[in-house]
C-alpha cells in the first residue's frame, strides 16, 4: 500500500511504526508541514497517518498550514481511505468530523492505564486493549467523540482516549509508537510541559522501564496489521 504520513515537528515521526510498515512491503512517503512541504495528490494515497505535535487544532493563525491539512484529512475521510491519527492527528480528525476539541482538565504525560470502551465489543479491536493497559501519553487537549464513531477507551485523566469510525478510521489520543529514542526527543523538546501536576510524570519515570516501550510497539504493529486487513485493494 501507498502510505503517506503527515508530520508536524521534527521530533514526532512514525516511531516504531516505520519498521513495522516497511517490513510489510508498504511504500512510505511524508509531508513535513512545518517545513512547508506540499501535500500529495490524494489519488496517490491508500492510507493516511496523521502524527502528533505540540500545537492545537485551533492554532491556525500561528500555523496557517493547519487549514490545508484539515481539508486534506477531510478529503481522505470522505474518499474512504484508511486513516489513522495519533494525538494531534486524532484531534484533527475529530475536528474535521465536526466534534469539539478543547483543553483537557488535566495535562496527561507519562505511563497511565486506559480501559477499553464497551462500544468496541464485536469489532476488530475488541481484544487489542485489555483493561488497565498501560500506554504512553503526552497531551493537554481532548476531543468529543465524532458523531457516527465509537469511543475506544478512557483514562482517569481523560474520558476520550480514542475513537473508531467503521473499520477504516481510527483516532488514538495516546501513543503506542513511541520508542525510547523518540521519547527522549519529546522530553528534550517539550521539557517545559513536565510541570509536576497530577497526571504528569517526570523524566526519570518516563524513561525508567524499557520493556514498556517494547510492549506498546508490539501493540501498534498489531493495530497496523489489523488495519491493513481492512483495505480492499488499490484505490
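So, of the residues in the range 193-212 that are without any contact (Cβ under 8 Å) to a residue 60 or more places away in the chain and in a helix (DSSP H, G or I), which turns out to be surrounded by the most Cβ atoms within 10 Å (Cβ to Cβ)?
So the residue we want is 203.
Please determine, by comparing only the residues of the range 10-23 that are part of a loop (DSSP other than H, G, I, E, B) and out of contact with any helix residue (DSSP H, G or I) (no Cβ under 6 Å at 6 or more places or on another chain), which one is nearest to residue 46 (Cα to Cα).
This residue is 14.
Of everything in the range 29-43, what is in contact with a helix residue (DSSP H, G or I) (Cβ under 6 Å, 6 or more places away or on another chain) and outside any loop (DSSP other than H, G, I, E, B)? Give them in sequence order.
33, 42
Taking residue 70, is it at pLDDT 95 or above, within 18 Å of the chain's Cα centre (by Cα), in a strand (DSSP E or B) and over 16 Å from residue 216 (Cβ atoms)?
No.
Going residue by residue through the range 114-121, is there one that turns out to be touching a residue at least 40 places away in the same chain (Cβ under 8 Å), in a loop (DSSP other than H, G, I, E, B) and surrounded by fewer than 20 Cβ atoms within 10 Å (Cβ to Cβ)?
no
Considering only the range 130-166, how many residues are surrounded by 15 or more Cβ atoms within 10 Å (Cβ to Cβ), touching a residue at least 40 places away in the same chain (Cβ under 8 Å) and in a loop (DSSP other than H, G, I, E, B)?
Of the residues in that region, 8 qualify.
Only one residue in 176, 125, 186, 172 is under 18 Å from residue 221 (Cα atoms), touching a residue at least 40 places away in the same chain (Cβ under 8 Å), over 14 Å from the mean Cα position of the chain (by Cα) and buried (at least 19 other Cβ atoms within 10 Å of the Cβ), so which one is that? Walk me through how you get there before you give the answer.
Values: 176 fails: over 14 Å from the mean Cα position of the chain (by Cα); 186 fails: under 18 Å from residue 221 (Cα atoms); 172 fails: over 14 Å from the mean Cα position of the chain (by Cα).
Selected residue: 125, the only one of 176, 125, 186, 172 that is under 18 Å from residue 221 (Cα atoms), touching a residue at least 40 places away in the same chain (Cβ under 8 Å), over 14 Å from the mean Cα position of the chain (by Cα) and buried (at least 19 other Cβ atoms within 10 Å of the Cβ).
Examine the range 85-97 for a residue that is more than 22 Å from residue 189 (Cβ to Cβ) and surrounded by fewer than 19 Cβ atoms within 10 Å (Cβ to Cβ), and state whether such a residue exists.
There is no residue in the range 85-97 that is more than 22 Å from residue 189 (Cβ to Cβ) and surrounded by fewer than 19 Cβ atoms within 10 Å (Cβ to Cβ).
What do you reckon, is residue 217 exposed (fewer than 15 other Cβ atoms within 10 Å of the Cβ) and outside any loop (DSSP other than H, G, I, E, B)? Please lay out each step first, then the result.
Values: exposed (fewer than 15 other Cβ atoms within 10 Å of the Cβ): no; outside any loop (DSSP other than H, G, I, E, B): yes.
Against the criterion (exposed (fewer than 15 other Cβ atoms within 10 Å of the Cβ) and outside any loop (DSSP other than H, G, I, E, B)), residue 217 does not qualify.
Just to be sure before I move on: is residue 190 more than 19 Å from residue 88 (Cβ to Cβ) and in a helix (DSSP H, G or I) in the structure I sent?
no
Residues being in contact (Cβ under 8 Å) with a residue 60 or more places away in the chain and more than 18 Å from residue 168 (Cβ to Cβ): count how many of those fall in the range 35-54.
Total meeting the criteria: 2.
The values are calculated or read from the model by the stated rules, or taken from the named source; none is laboratory data. Keep in mind that what you see is a predicted model, and the values were worked out from it rather than measured. Note that we place each Cβ from the backbone using ideal geometry, even for glycine, and neighbour counts take in every protein chain shown.
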